[in-house]
1. Going through segment 77-109, which trypsin sites (Lys or Arg not before Pro) have at most 14 other Cβ atoms within 10 Å and a DSSP loop state?
2. Do the sum for the chain: with -39,500 (n - 2.57) for every DSSP H run of n ≥ 4, divided by all residues, what is the mean residue ellipticity at 222 nm, to the nearest 500 deg cm²/dmol?
3. First measure r as the distance between the Cβ atoms of residue 67 and residue 16, then evaluate 1/(1 + (r/R0)^6) with R0 = 30 Å and state the FRET efficiency to the nearest 0.05.
4. Could you give the alpha-carbon Rg of the chain over 2.2 N^0.38 Å, rounded to two decimals?
5. Going out from 0 in 5 Å bins, what whole percent of all Cα-Cα distances in segment 278-346 drops into each bin?
6. Grab the Cα-Cα distance for residue 108 and residue 193, subtract it from 0.36 nm times how many residues apart they are, and report the gain in nm with one decimal.
7. State the extension gain, in nm to one decimal, for the chain segment bounded by residue 139 and residue 224, taking 0.36 nm per residue of separation less the distance between their alpha-carbons.
8. Residue 63 accessible area, nearest 10 Å², 1.4 Å probe?
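The values are calculated or read from the model by the stated rules, or taken from the named source; none is laboratory data. Remember, predicted model here, so these are calculated numbers, not experimental data. Backbone-built Cβ (ideal geometry, glycine too); neighbour counts: all protein chains shown. Accessible surface is based on the protein model in full, side chains and every heavy atom, while ligands, DNA and RNA are left aside. Shrake-Rupley method; radii C 1.70, N 1.55, O 1.52, S 1.80 Å.
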Amino acid sequence: MHGAPLYIAETSPSQIRGALVSLKEGFIVLGILLGYLAGSVEITTVGGWRIMYGIAAPIALIMGIGMWWLPPSPRWLLLSAAQGKASVDALRHEAISALSRLRGSQINRTAVESEVNESLISLQLDREGQGKPTFSEVFQGSSLRALRIGAGLVLFQQITGQPSVLYYAASILQSAGFSAASDATRLSVFLGIFKLLMTSVAVFKVDQLGRRPLLIVGISGIVLSLFLLVTHYSFSQGYPILAVISLLLYVGCYQVSFGPISWLMVSEIFPLRTRARALSIAVLVNFASNAIVTFSFAPIQDLLGAASTFSCFLVVGLVSLFFVIYYVPETKGLSLEEIESKLLNN
């Protein structure tokens with residue numbers, strides 16, 4: 001799942017790369033929505049979870065078959081050529097063929113050849129005087145700067161409370177005053193629809209507005225929503241509508257910022273020499289922080305109370321806003337080679 005943004009970024013035109021990578025998040029949200037719908041329908045059915053898995057199985061099979069059709073990433077082929085693993089001309093022609101196949105029959109082959117040649121020259125210049133890439137390179141120079149940005153984004157994506165809001169939406173709504181489990185579950189379906197709509201905003205606007213504006217505006221909204229949740233649990237639990245509004249604001253702002261943009265940035269900023277290793281580290285950080293927040297939310301909520309728990313997320317949200325403003329670069333409209341040379345090597 002987390003290799004998909006990398007593949008899309010390496011094969012997409014820079015002008016629409018943001019939209020195409022963000023579509024991956026859109027389809028994930030669509031899957032979550034279908035899960036909410038199935039759960040809502042089968043909430044009173046014993047063993048209803050089997051139906052959910054049964055619906056997903058054919059889709060997974062189609063996706064698995066489709067993977068066999070995809071050609072190798074052209075940039076991966078060019079990296080292999082630059083490393084001397086095979087004939088440069090042979091891998092160059094294979095990269096041109098793969099990129100032409102992915103871009104479609106209407107694409108100008110001359111433009112594809114020019115893009116491949118520029119990438120190959122950039123890789124060959126980058127490799128002058130260097131041997132085979134090592135794991136330690138990830139923690140050096142421009143790779144380290146990129147890792148700080150990428151790992152920082154996926155870390156804050158989780159520790160601002162996203163797993164808690166996503167996984168515990170129904171229980172939060174129940175504690176906010178919707179006593180019936182079925183009512184809270186149906187509200188989760190509404191949240192899923194809202195998530196999908198807001199993700200669509202990011203898909204259509206990310207290449208027009210840029211990555212940083214969406215992150216800054218979205219995280220600011222997340223901070224406001226967490227403040228409203230703290231207010232609700234501290235002073236106004238008699239007004240469950242405030243909790244619902246806060247959740248909608250959180251979900252909407254997350255889906256135009258951290259949701260799609262974090263993985264978009266991770267797919268763009270790592271130098272090609274260390275991209276695979278750096279992405280693996282970012283994914284590890286993401287899953288580790290997700291697990292920590294998920295498993296600690298309920299015990300911390302029991303210990304400190306909901307207001308104090310969301311206050312902690314609020315502080316983290318402010319720190320993440322500072323991080324984005326001062327450390328995250330803009331990558332809109334730049335090729336992956338331009339990002340590496342102009343943003344990471346300066």
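1. Numbers: sites: 85, 92, 101, 103, 109; in loops: 85.
The qualifying sites are 85.
2. Estimated from H runs of four or more residues: -25500 deg cm²/dmol.
3. With R0 = 30 Å, the Cβ-Cβ based efficiency is 0.85.
4. 1.09
5. In order of increasing distance, the bins hold 3, 13, 13, 17, 18, 12, 9, 6, 5, 2 percent.
6. So the chain would gain 26.7 nm between residue 108 and residue 193.
7. Working: separation 85, 0.36 × 85 = 30.60 nm, distance 3.50 nm.
Contour length minus the Cα-Cα distance gives 27.1 nm.
8. Roll a 1.4 Å probe over it and residue 63 shows about 120 Å².
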